[in-house]
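Notes follow the structure.
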Amino acid sequence: MSQAVDEIKIGGLGASRKRVEDDRFIRGKGNYTDDIVLPGMLHMEILRSPLPHARIRSIDTSRAWQIPGVHLVLTGEMMASRNLAWMPTLSYDTQAVLATDKVRFQGQEVACVIADDPYIAKDACEAIEVDYEPLPPIVNPYQALAEGAPLIRDDKENQPDNVIYDWEVGDAAGTDRAFAQADLVSKLELHYPRSHPSPIECCGSIADFNRATSKLTVYMTTQAPHIIRAAVAMVAELPEHMIRIISPDIGGGFGNKVPVYPGYVCSILASILLERPVKWIEDKSGNLISTGFARDVYLKGEMALRKDGKILAVRMHTDADHGAFFSDAQPSKFKIGLMHSAFAAYDIPVAHLTARGVYTNKAPGGVAYRCSFRVTEAMFFQERMVQAAASDLGMDQAAFRRMNFVRDDDFPHRTPFGFLTDSGQYAKCLDVGLRAIGYDDFRKRQEEARSRGRLLGLGISTMTEPLGAGNSREYDILGIKMFDSAELKVHMTGKAIVRTGARTQGQGHETTWAQIVAHELGIPAEDVVVEEGDTDTAPFGMGTYASRSTPVAGAAVAMVARKIRAKARKLAAHLLEVSEEDVDWELGRFYVRSAPDRGVTIQECAMAAYSNMPDGMEPGLENTAYYDPPNLTWPFAVYIVTVEVDPQTGVWDVLNMVAVDDCGVRINPMIVEGQIMGGLTEAYAMANMQFITFDADGNCVGSNYMDYLLPSAWETPGFELHSEVVTPCPHHPIGAKGIGECAAVGGPAAFVNAVIDALSGTGVRNVDMPLLPDRVWEALTYRRDISGAPPVRAD
Ligand code: MCN
Ligand code: CUN
């Protein structure tokens, strides 16, 4: 009889183990960047531009220097003298660290003060006098592209206009041919508005340069410590081994903590100049007004259709508003990220996408907000276009999708834009969702309600997104190949530590990586401690974003555990005095094949690695694995929402929402559900209330929590989650796909589709997000589409 340990009992794969990190968080014992206090530490504050576009005539810092307690005032000119006024971005552009020639968005960093405390530093910032010559601001791409538009990036050579790129992918001629044969062409134009990840913890850093050792230690809020180390080494020309980046506990990242911000750079330079630790902690408005925003993309979409409902081709044109600097994080050769992952779930013969990026007088960003390199926009455009096409054909929304889905036996599937998707059961997920929402019954109720003047709507959204960049053949950031790593050390008593190059920000890696080790080795999860975020101790990794941790770092954890098991097998053979070939494995234990009662546990093997190894064997039980994934992982989801719209006010309420997520094998079902609920909440926020816009003068509307609305538990609807469809990832060692962003990516279209469905019969095709009551009311009352493009209307 098997003597294997019980996987669920030891917290292995599939166990809904409670998150170990929460123990310290709910006791207020987390260790965030702002909790760290170093001896002799000074404080830095940033002076930001009040204007969106202006030439700087002069900056007078003399009064600031005179304030007692001020140690240093940094300006662009001082940065320039050290060649640090500008820094490279992850998209091969340049970004101002501190403005020298011009300010290019409201909130841009103009100067920094370093003082004994943050209050003195803030007061001293106000004492700096900047003489600005205002220039006309540009707040949307169409203004930027207009004839005679002011040139935003006059700092760059060979930049005659505000266009950053004109990029295309797909088959233009083939798409044209397919359109020529269409029975019907369905068109849709819309804007995915600018929003902001807005983690509760803002960004910040503490730079600590020690002249005696030449070592620079930076504690900072970063999702990718090793990339930061490389960037500091290259930009500041410091030796990489003398740089230590520590990312302590992170109070939410959501993409906001991927980019390199001027504040980090200035705190580092200040510490080097002053030879004292310098802390910079951003305030909420600073975070909302200046750090990595998301979306802000305009779509013109067209779908060629056969009258029976078959999609023949898709044409998309996007105009992306990147703000003043092109600083998207992206896997290099794709200008608009993975926008061309659109329509991966549908079997479409041919497609063509043109994408244009422009500069405007708005904050840069674009790594986005819970989105694998602009996949959120891609899925939103896709599902809004699909809904419009089905209604144009007069076809049922669900039947239209089912008819065009990639079939279960058609994997790996080459998408019309060239991706290779791995696996999925799309129709089955849709059926589970339709049953759960009571689809047929709801359609009847909707008809009935309509006859009594009540507006009910149902919205479907499906998504498959590419999660887990690399592989290294196709994906790199600034030439650094995208793979990841894990290190596992099993101590002699069978306890272990696992370290990865990823960085958890709330996703629960401290819990789930231990579960992978438990699954591979049978060591109880509670005996495995997980550590991430310190470049001096963690193996090299590309960080956590694009839901890549499970697909890449998590895979590396499984692979390193397998290396450990392979060595443990040799130790077991030695202990059991048989040859390795005669030893078999069951969870937690090796045994003699011909005499299964004779066995040794993994813990006994661990002890032997330090106390009784065979002659000639290297002692210890430690290893590292680098994992270069063969492909991205492609999770799938169906989200269905029902709503009721109040025709008097335009207010809409969610009646029900069901989510069917297939992310392959779930390591920790409870954590996966937490990820889905969080993502759906953000999707709801995006559809309902959350956006940052700009008035005609370039003022950022949404740089505080009065204007930028986050839903609380009170507004957020309930979600019904379904986990019955599991399609293991065929190329991941434990069959897992990413989940972190799925619901935020696929969710928004479900809400919008539901509201548009409720308005059916009015001729309204689109209302741009957020679907604020006044927009919905206006659409309904005047029977017209509503654009949300800035500048905001003067009401
Ligand atoms: N997981 C699992 N089984 C799977 C897939 C994942 O149990 N099949 C678990 C993982 O082990 C991990 C969590 O779910 O604990 C998320 O895993 P994954 O999908 O690999 O995503 P990442 O860990 O790479 O997280 C990044 C992703 C991104 S890019 C954003 S943005 C986002 C998100 O996660 N930011 C978050 N979720 C967040 N959740 C919190 N609380 N805070 C953030 O800042
Ligand atoms: Cu795009 S937000 Mo997450 O990938 O860090």
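Okay, here's what the table says:
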| item | result |
| --- | --- |
| Accessible area expressed per residue, segment 27-106, with surrounding protein chains retained (probe 1.4 Å, Å²) | 46 |
| In order through segment 202-218: 3J(HN,Hα) via Karplus (6.51 cos²θ - 1.76 cosθ + 1.60), integer Hz, x for Gly, Pro | 6, 7, x, 7, 10, 9, 9, 9, 10, 4, 5, 9, 6, 9, 10, 10, 10 |
| Integer Hz, Karplus 6.51/-1.76/1.60 couplings in order for segment 398-413, x for Gly and Pro | 6, 5, 4, 5, 4, 4, 9, 4, 5, 7, 4, 8, 9, 10, x, 10 |
| Residues with amide H under 5 Å from that of GLU586, placed H, sequence gap 5 or more | TYR591 |
| Where segment 634-703 is the region considered: accessible area per residue in Å², 1.4 Å probe | 25 |
| Cα-Cα over 20 Å, subset of LYS481/LYS563; LYS102/LYS156; LYS156/LYS300; LYS9/LYS495; LYS102/LYS335; LYS257/LYS284 | LYS481/LYS563; LYS156/LYS300; LYS102/LYS335 |
| Distance from segment 666-692 to segment 124-153 (C-alpha centre basis), Å | 36 |
| Vicinal HN-Hα couplings computed from phi for segment 482-498 (Karplus, 6.51 cos²θ - 1.76 cosθ + 1.60; Hz; Gly/Pro x) | 9, 9, 7, 8, 8, 10, 10, 10, 9, 7, 5, 8, x, 8, 9, 10, 10 |
| All aspartates and glutamates inside 14 Å of LYS122 as judged from Cα atoms, apart from same-chain residues fewer than 8 positions distant | GLU45, GLU109, GLU282, ASP283 |
| Reachable aspartates and glutamates, given that their alpha-carbon falls under 17 Å from the alpha-carbon of LYS444 and they are not under 8 places away in the same chain | ASP396, GLU644, ASP757 |
| Equivalent-ellipsoid semi-axes of segment 156-308, from the Cα gyration tensor, Å, largest first | 46, 18, 14 |
| Neighbourhood net charge (14 Å Cβ-Cβ; Lys/Arg +1, Asp/Glu -1) for LEU188 | -2 |
| Gyration tensor verdict on the chain (Cα atoms; rounded if a/c is under 1.5, prolate if a/b is larger than b/c, oblate otherwise) | oblate |
| Residues whose placed amide H lies under 5 Å from that of TYR346, excluding near-sequence neighbours | VAL406 |
| Residues with amide H under 5 Å from that of GLU201, placed H, sequence gap 5 or more | GLY251 |
| CD proxy at 222 nm, helix term only [per DSSP H run n ≥ 4: -39500 (n - 2.57); per residue of the chain; nearest 500] | -8000 deg cm²/dmol |
| Percent accessible area from carbon and sulfur atoms, the chain, protein chains only, probe 1.4 Å | 52 |
| Per residue accessible area in Å² of segment 459-534, where ligands, DNA and RNA are left out and the probe is 1.4 Å | 24 |
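The values are calculated or read from the model by the stated rules, or taken from the named source; none is laboratory data. If you're wondering where the values come from, they're calculated on a predicted model, not measured in any experiment. Cβ sites come from the backbone with ideal geometry, for glycine too, and all protein chains shown count toward neighbours. Surface accessibility is based on the protein's heavy atoms, side chains included, excluding ligands, DNA and RNA. Shrake-Rupley method; radii C 1.70, N 1.55, O 1.52, S 1.80 Å.
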